[in-house]
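Quick note: the coordinates plus some simple rules give every number you see, no bench work behind them. Please read these numbers as outputs of a predicted model, since none were measured by experiment. Here the Cβ positions follow ideal geometry from the backbone for every residue, glycine too, while neighbour counts run over all protein chains shown.
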Amino acid sequence: MKLLAWALLIFAVIWVLRSKAKARQKAARDFEAARPDAPMHTEADAEVMVICRECGVHFPVSEAVRDASGRHSFCSIEHRQQYLGH
Ligand SMILES: [Zn+2]
């Protein structure tokens, strides 16, 4: 009879631990599910800005014209040619 009481106690402890682990897993899943939205907003709001080597104007990196090495950024092909012609 004492053995049965221990078995019930152990079963109860395992059951409590498992339900706690499940709750933790669910919280982690909810956190993961909420994450993908966050970086997309910050990326759209803050595009990296670069400076034209020729005239010094700031513009988004997606509109940059690069020289052959890719190290310098320019606002236009004309300014790249002027800079490289120096
Ligand atoms: Zn320029």
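Past the 15 angstrom mark, what percentage of all C-alpha to C-alpha distances in the chain do you count?
74
Could you tell me how many degrees, from 0 to 90 and to the nearest 10, lie between the Cα long axis of helix 2-34 and the main elongation axis, the longest principal axis, of the Cα atoms of the chain?
With rounding to tens, the tilt is 20 degrees.
Label-point separation (nm) for R71 and A34, each offset 7 Å from Cα along Cα-to-Cβ?
If labels sit at R71 and A34, their model points lie 4.6 nm apart.
Along the charge dipole of the chain, which of G70, G56, Q81 sits closest to the positive end, that is, farthest toward it, with unit charges on the beta carbon of Lys, Arg, Asp and Glu (+1, +1, -1, -1)?
Working it through, the farthest residue towards the positive pole turns out to be G70.
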